[in-house]
């Protein structure tokens, strides 16, 4: 009996330990903590260009247009009047002496016809008196009558002429007034403009004045018309435009060049176009980089280069600049890699 009691007490003492061990064996095992993998920094890839030796050209290219060198504006000088007829339209070809505009002149043309008849009658009468051997006084009076009629006829013809505008040159009509027929026009009011087609000039207009600010009179120009090259020279720049010409169209002349050709090509007319090129600067066998490799800040010119996989900055001195390239005078050597923007 005593022995059984001891066994019972021992079993009770061991039971909690057994339960703890059993509980530990049925719980899930804790996972091992794994260290995160090492992340390599992403490699930066730059667009680069090699510094090379070559030719660089700073040039201006564009399309130029043939325009008349001379335009004649027509207007009435002494007096205005009522607009009777406009006999031409823009684009018409006209001859020297051709009537373009007529003002209301009343019945001047009818009066001229009447006075021409009176002059013929006076002439016949004078001839008759001379044939009849009339006295000198009668003949003198007849001569004065004829002269008086001639003066009146001349006055009427002048009035008729002053009522018309005629073309002073052969050319093309480039402007016609929009004043309505029957309306009154004032003296010196421009009614028609005629372009002299016998003397055309080549004009190049840039987008802005700054594009041609370095161009000088006398610079060589290569002009291409229908695939054929023609040599020319800059004849006028914005700085050399006469004031009276510039005032006609300030926006045009402050950004335009006038080009004289050594030989005007055949079959060109007003509005014909040609491709032109002006070489401003040119150098061969010099260091050049793409223009998007140049960086500028605060008057400083510099580039970024790759040295042993490291990006570094270098100050440079630049020379000629074109639309696509820059000449490097100091700061770089051939073969270096310039980082592009």
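The numbers here are math on the coordinates, done by the rules we state, and not lab data. A quick note: this is a predicted structure, and the numbers were derived from the prediction, not measured. When we count neighbours, we look across all protein chains shown, and the Cβ atoms used for this are built from the backbone with ideal geometry, even at glycine.
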- Query: Quick one: Cα centre-to-centre distance for the stretch 202-265 and the stretch 106-128, in angstrom?
  - Reply: 57 Å
- Task: Mind giving me the nanometre distance, one decimal, between the label points for residue 307 and residue 130, set 7 Å out from Cα along Cα→Cβ?
- Result: 11.1 nm
- Query: What residues of the stretch 72-102 lie in the reach of a label at residue 162, counting those whose backbone N is under 14 Å from a point 7 Å from the Cα along Cα→Cβ?
  - Reply: 76-82
- Note on the structure: Using alpha-carbon coordinates alone, the radius of gyration and Dmax of the stretch 174-243 in Å work out to 18.6, 53
- Task: Pull out the extension gain between residue 77 and residue 317, defined as 0.36 nm times the separation in residues minus the alpha carbon to alpha carbon distance; nm, one decimal.
- Result: 80.1 nm
- Residue list for the stretch 104-120, given a label point 7 angstrom along the Cα-to-Cβ vector of residue 152 and an amide N cut-off under 15 Å: 108-120
- Compactness ratio of the chain: Cα Rg over 2.2 N^0.38 Å, N = residue count? 2.39
- Multiply the residue gap between residue 269 and residue 300 by 0.36 nm, knock off their C-alpha separation, and tell me the result in nm, one decimal place. 6.2 nm
- Item | Cα-based shape type of the stretch 72-181, given that a ≥ b ≥ c are square roots of the gyration tensor eigenvalues and the cut on a/c is 1.5 | prolate
- Taking Cα atoms, how many degrees apart are the long axis of helix 2-26 and the longest axis of the chain, rounded to 10 and kept between 0 and 90? 20 degrees
- Under a plain spin-label model, where a point goes 7 Å from the Cα along Cα-to-Cβ, how far apart in nm are residue 292 and residue 49? 0.9 nm
